[in-house]
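The values are calculated or read from the model by the stated rules, or taken from the named source; none is laboratory data. Note that the structure is predicted; figures quoted are calculated from it, not measured. No Cβ is skipped: glycine too gets one built from the backbone with ideal geometry, and neighbour counts run over all protein chains shown. The area values use the complete protein model at the heavy-atom level, side chains included, leaving out ligands, DNA and RNA. Shrake-Rupley method; radii C 1.70, N 1.55, O 1.52, S 1.80 Å.
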Amino acid sequence: MNKILLKKQLSDDVFMMKIEAPHIAEERKPGQFVILQLDTDFGERIPLTIADADPKEGSVTIIYQAVGNTTHRLSTLNVGDKIQNLLGPLGQPTHIKNFGSVVCVGGGIGVAPLHPIAKALKQAGNHVTVIIGARNKDLIILEEEMKAIADELIICTDDGSKGRKDLVTAPLKELCEKNPKPDLAVAIGPPVMMKFASLTTKPYGVHTVVSLNTIMVDGTGMCGGCRVTVGGETRFVCVDGPEFDGHLVDFDNMMLRLGSYKAKEEEDHHKCHLDLQIEQLQKNS
Amino acid sequence: MHISAEELKKNAQLILSEIKDKSLSNKERTAIPLQEMPAQDPKIRINNMEEVAQGYSREQALVESRRCLQCASAPCVEGCPVQINIPGFIKAIEEENFEKSIGVIKEASLLPSICGRVCPQESQCQEKCTVGKIFKDPNKSVSIGRLERFVADWEASEAKRSIPEIKPSTGKKVAVIGSGPAGITAAADIAKEGHEVVVFEAFHKPGGVMIYGIPEFRLPKKIVEDEIETLKKMNVTIKQNFLVGRSRTLKDLLEKDGFSAVFIGTGAGLPKFMGIEGENLVGVFSANEYLTRSNLMKAYKKDTAATPIYPSKKVMVFGGGNVAMDAARTAIRLGAEEVSIVYRRTEAEMPARIEEVAHAKEEGIKFRLLENASKIIGDEKGRVKAVELVTFELGEPDASGRRRPVQVKGSEHVVEADTVIVAIGNESNPLIKQTTQELEVNKYGNIIVDENCKTSMDRVYAGGDIVLGAATVILAMGEGRKAAAAINKLL
C-alpha cells in the first residue's frame with residue numbers, strides 16, 4: 001500500500017501525484033517506470049513513467065492523463081488515499097553521459113518522463129535544448145521546471161496560443177540543419193510524435209532515443225504483451241526498454257498493437273466520464 | 001459418454017461391499033476396475049471456470065487403493081521426483097487411516113493438494129507402476145495422483161491442516177526470490193529450521209505460476225491461497241510488488257540488507273515466439289499473457305475486472321504441452337466458437353498430461369496434428385485474419401528421442417483465425433542476470449547450479465524453471481527442497 005502525499009491538477013485531465021514509495025525512490029534512475037494497480041482483485045496493471053523521485057522523503061512522482069479505466073479512477077483519489085500495488089522501478093535506466101549537445105523533445109504528457117532525463121543530461125555536462133509541444137497553452141506541463149534546466153527552451157502549440165504555432169518537428173528540423181547538429185535527440189510523447197521526430201532526425205544521422213509506453217501486464221519479462229519490432233527483431237519494452245533507437249522502431253506496428261483493446265477502452269472511457277460526472281453532480285448538490 | 005460423480009460413487013459402493021473385508025490376492029486386486037475421475041459434464045463446464053476434475057469419493061478412493069499390489073520393490077517411488085512413499089500412503093488409505101496417509105505424503109512433499117492435481121503422473125510414478133505393466137498400459141496403473149489428491153482434500157475439508165513445527169529462532173535471515181512452487185517449498189523448509197524467511201514476489205499476489213498460469217478449472221486458487229496462508233503462519237514474510245534485480249539488487253540483499261543466503265526461484269521468463277512473419281500482429285499472444293490476463297487479472301469476469309481479454313471467435317493455439325491445453329480451454333470458456341490446438345508432431349509426442357488432452361477433446365477443442373504455422377496473415381487494420389499452415393510427417397528420431405517432424409514440401413494451406421496463442425515454452429528471465437554480473441548462466445540464460453542447487457555465487461542458490469528451463473511444479477518443488485537443505489546446512 002502506497003499513500004498519496006500530494007496531488008495537483010496540471011491541466012484539464014492531467015494530474016501530478018507524489019506517492020510514498022521509499023524503496024522505489026531509492027533505487028530509481030531516470031528513464032524507469034512503475035506498474036500501478038488500484039485494486040488487487042480486479043484492477044488492471046498499468047505502466048507509468050516516474051517523473052521524479054525524492055529518496056529523502058521516500059516518494060516518487062507520477063504525472064498522468066486520465067484516459068483509461070485506471071487513470072480515471074486514480075484521478076478521483078486524494079491525498080491520504082492509498083494505492084494498493086506499486087511495483088518498480090522497472091526497465092533499463094537512460095544511458096546518461098556527456099554526449100555534447102542534446103535536444104530533448106517532449107509532446108503532451110511525454111514532457112513528464114522527459115524532465116528527469118533532460119535534468120540528468122544537463123548535470124552530465126550536455127548543452128540541452130528542450131522542445132515542448134502541446135495542442136494549446138493550457139496543456140503545457142512542467143514549463144518552469146524545464147526552463148530551470150534547459151540552455152534553450154522552445155515551446156510549440158498546435159493553435160499558436162503559446163510559443164510557435166508549429167509541430168515539434170519544425171524546430172527539431174531546424175536544429176538538425178545547424179552546424180554543428182545535435183549529438184543526440186531524445187523524443188518522448190505520443191507514438192505518432194515519436195515516429196515523426198525520428199523521421200525528422202533520420203536524414204541528418206542524429207541518433208534519436210525514444211521511450212515507448214506499450215500495453216503491459218506484468219512488466220517484468222514474463223508475458224510478452226509489450227513486444228515491439230525494432231530493426232526487424234522482436235524486443236520487449238519492459239526488460240529491453242523502455243528506450244530504443246527511434247530510427248529502428250516500427251511505430252506503425254506499435255500503434256496498431258496499442259489499439260488491441262480499443263473497443264473496450266472506449267466503452268470504459270465513456271463509462272468513467274459518466275461516473276465522474278455523476279460524482280461531481282452529487283458533490284455539488 | 002459422461003458418467004456422473006453420483007454414478008461413479010454408487011458403482012464403487014457396490015464393488016466395495018464385495019471386497020472390503022476380504023484379504024485380496026494380487027490377482028483379485030488387479031481385477032478391480034480402475035476408478036475414473038469424476039468430472040463436470042463437458043457441456044456444462046465449458047461455460048464456467050470451476051474445477052473440472054471433482055476428486056474421488058471416499059468409496060472410490062477405498063476401491064482404487066485396493067488396486068495397489070504393495071510391491072516390495074516399489075518402482076513407483078523411483079518415478080516420483082520427491083520419492084514419496086507411495087505404497088505407504090496408499091496402504092493407509094486402504095486402512096481408512098487418512099490422517100496417517102497424508103502424514104506419509106508430507107514426509108516428502110509439501111504441496112500434495114497441488115501435485116495431486118497437476119503432476120504428470122503418467123510419465124512419473126504411474127509410468128513405473130506394476131499394475132500398468134501387467135496390463136501393458138500405463139493408463140491402467142494405480143491412480144496414484146487421484147489418491148494423493150483425495151487425502152490432501154480430505155485433510156483440507158476436515159480442517160486438520162497442521163502448521164509444521166518451527167525450531168527456535170536462529171536470528172539468521174534468508175531471502176527467497178519468487179513465490180511459486182520452488183520458492184514456497186524452499187521457504188517452508190528453511191523456516192522450519194528457525195531461520196527468518198522473506199519471500200520477494202514481483203506480482204501483487206503470491207503463488208507464481210500456480211496463480212498466474214494454471215487456470216482455476218484445473219487448480220482452484222483457493223488451494224494455492226491456503227498453502228500461502230500456511231506459510232505465513234510459519235512466520236514467513238511475503239513481500240509483494242518487489243522485483244529483485246530492480247527494486248533491490250541481489251548483491252544488496254546479501255551485503256546491505258543482512259540476508260545470510262538467497263534462493264532464486266524466479267521461474268519462467270520471456271515467452272518464446274515462433275519467429276515467423278506476422279507474429280506481432282494484433283491478436284497474437286503468448287500463452288503467458290493470455291493466461292495471466294484470465295487467471296491473475298481475472299479478465300474472465302468481464303463485468304468486474306478492469307483488465308481486458310481479446311474477444312475471439314476462431315482461436316489457434318500452437319504447442320502441445322499443458323500450457324497449450326490451458327490456453328485453448330480458457331479460450332473456449334471465454335466464448336470462442338472454434339478453438340484448435342496445432343502441434344507439429346503427433347499426439348503420442350505431446351508433453352501434456354493425458355487427462356488434460358482428454359478433457360480438451362471432450363470440450364470440443366480440435367487437434368490439428370503434424371501441422372505448424374509458417375505465416376500469420378493480417379487484415380488492413382493489422383489484426384489477425386488467417387494463418388498459413390504447413391503439414392509435417394515424422395522422420396528419424398532427434399536428440400530428444402522423439403521422431404523429428406519434417407515439413408512436407410508444397411503443403412502450405414491457409415486457415416481462417418482471429419486469434420493466435422503461442423505456447424511453445426519460455427526463455428529464461430534476463431533480469432537477475434542483467435543486474436548480477438557474477439551469476440553464471442548457460443547459453444539459454446538458465447542459472448548454472450551444482451548438485452546442491454548452489455550457483456556460482458557464495459550463499460546464492462537457485463531452483464525451478466530458472467535452472468531447469470520449462471519444467472513441472474513437482475520438479476520445482478524438489479529443487480526448492482534440495483536448495484533449502486543445503487542452505488540449512490550452510491547456516
- Query: Does B:Tyr310 satisfy being surrounded by fewer than 24 Cβ atoms within 10 Å (Cβ to Cβ) and not in a helix (DSSP H, G or I)?
  - Reply: no
- So B:Ala287, is it of a type outside the set (Phe, Trp, Tyr), under 10 Å from B:Ile421 (Cα atoms), out of contact with any Cys (no Cβ under 7 Å at 6 or more places or on another chain) and within 14 Å of chain A (Cβ to nearest Cβ): yes
- Query: Scanning segment B:373-410 for residues that are farther than 27 Å from B:Pro351 by Cβ and free of Cβ contacts under 8 Å to residues at least 12 places away in the same chain, which turns out surrounded by the most Cβ atoms within 10 Å (Cβ to Cβ)?
  - Reply: B:Asp379
- Task: Give segment A:67-94 a look and list any residue that's surrounded by fewer than 22 Cβ atoms within 10 Å (Cβ to Cβ), small (Gly, Ala, Ser) and within 14 Å of chain B (Cβ to nearest Cβ), or say none.
- Result: A:Gly68
- Task: For segment B:219-229, state whether one or more residues are closer than 30 Å to B:Leu439 by Cα, modelled with pLDDT of 95 or more, more than 12 Å from chain A (Cβ to nearest Cβ) and open to solvent by less than 50 Å² (accessible area, probe 1.4 Å).
- Result: no
- Note: among B:Asn295, B:Asn322, just one is open to solvent by 30 Å² or more (accessible area, probe 1.4 Å), more than 7 Å from chain A (Cβ to nearest Cβ) and of a type outside the set (Phe, Trp, Tyr), namely B:Asn322
- Query: Mind checking whether some residue in segment B:189-210 is within 14 Å of chain A (Cβ to nearest Cβ), more than 22 Å from the chain's Cα centre (by Cα) and open to solvent by less than 20 Å² (accessible area, probe 1.4 Å)?
  - Reply: yes
- Could you grab me the full set of residues in segment B:254-307 that are of a type in the set (Gly, Ala, Ser), part of a strand (DSSP E or B) and more than 30 Å from B:Lys454 (Cα to Cα)? B:Ser286
- Query: Considering only helices (runs of 4 or more DSSP H) fully contained in segment B:97-178, which possess at least 2 residues that are more than 19 Å from the chain's Cα centre (by Cα)?
  - Reply: B:98-106, B:130-134, B:144-157
- Message: Kindly evaluate A:Val228 against the criterion of being under 30 Å from B:Val323 (Cβ atoms), over 17 Å from the mean Cα position of the chain (by Cα) and touching a residue at least 12 places away in the same chain (Cβ under 8 Å).
- Response: yes
- Item | Qualifying positions in segment B:361-408 - closer than 17 Å to B:Val284 by Cβ and of a type in the set (A, V, I, L, M, F, W, C) | B:Ala373, B:Ile376, B:Ile377, B:Val384, B:Ala386, B:Val387, B:Leu389
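Results for (1) surrounded by 17 or more Cβ atoms within 10 Å (Cβ to Cβ); (2) at pLDDT below 95; (3) touching a helix residue (DSSP H, G or I) at 6+ places or on another chain (Cβ under 6 Å), shown as yes or no for each residue.
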| site | (1), (2), (3) |
| --- | --- |
| B:Lys232 | no, yes, no |
| B:Ile238 | yes, no, no |
| B:Asn241 | yes, no, no |
| B:Gly245 | yes, yes, yes |
| B:Ala268 | yes, yes, yes |
| B:Pro271 | yes, yes, yes |
| B:Gly275 | no, yes, no |
| B:Val284 | yes, no, no |
- Message: Scan segment B:155-170 and tell me whether some residue there is in contact with a strand residue (DSSP E or B) (Cβ under 8 Å, 6 or more places away or on another chain), more than 30 Å from B:Ile90 (Cβ to Cβ) and open to solvent by less than 10 Å² (accessible area, probe 1.4 Å).
- Response: no
- Query: If you take the residues in segment B:411-432 that are open to solvent by less than 30 Å² (accessible area, probe 1.4 Å) and more than 14 Å from chain A (Cβ to nearest Cβ), which one is nearest to A:Gly224 (Cα to Cα)?
  - Reply: B:Ala417
- Please go through segment B:437-474 and pick out each residue that is open to solvent by 50 Å² or more (accessible area, probe 1.4 Å), at pLDDT below 90 and either under 20 Å from B:Ile184 (Cα atoms) or in contact with a helix residue (DSSP H, G or I) (Cβ under 8 Å, 6 or more places away or on another chain) (or both). B:Leu468, B:Ala470
- Task: Kindly provide the set of residues from segment B:244-301 that are under 21 Å from the mean Cα position of the chain (by Cα) and farther than 30 Å from A:Asp252 by Cβ, ordered by number.
- Result: B:Phe263, B:Ile264, B:Gly265, B:Thr266, B:Gly267, B:Ala268, B:Asn295, B:Leu296, B:Lys298, B:Tyr300
- Task: Take the residues in segment B:298-307 that are of a type outside the set (Lys, Arg) and within 7 Å of chain A (Cβ to nearest Cβ), then tell me which one is surrounded by the most Cβ atoms within 10 Å (Cβ to Cβ).
- Result: B:Thr307
- Message: Please determine whether any residue of segment B:451-462 is part of a helix (DSSP H, G or I), in contact with a Ser or Thr (Cβ under 7 Å, 6 or more places away or on another chain) and among the small types (Gly, Ala, Ser).
- Response: no
- Message: Can you confirm whether A:Ala112 is open to solvent by less than 70 Å² (accessible area, probe 1.4 Å), touching a His at 6+ places or on another chain (Cβ under 8 Å) and either within 23 Å of A:Met17 (Cα to Cα) or more than 14 Å from every other protein chain (Cβ to nearest Cβ) (or both)?
- Response: no
- Query: Quick check, is B:Cys76 under 27 Å from B:Asp326 (Cα atoms) and in a helix (DSSP H, G or I)?
  - Reply: no
- Applying the selection to segment B:71-97, what residues are surrounded by fewer than 21 Cβ atoms within 10 Å (Cβ to Cβ) and closer than 19 Å to B:Ser157 by Cβ? B:Glu96, B:Asn97
- Message: Looking at the structure I just gave you, is B:Pro112 closer than 26 Å to B:Gly194 by Cα and assigned by TED's automatic domain parsing to the domain that holds B:Cys76?
- Response: yes
- Query: Among the residues of segment B:335-353, is there at least one that is assigned to a loop (DSSP other than H, G, I, E, B), at pLDDT below 95 and β-branched (Val, Ile, Thr)?
  - Reply: yes
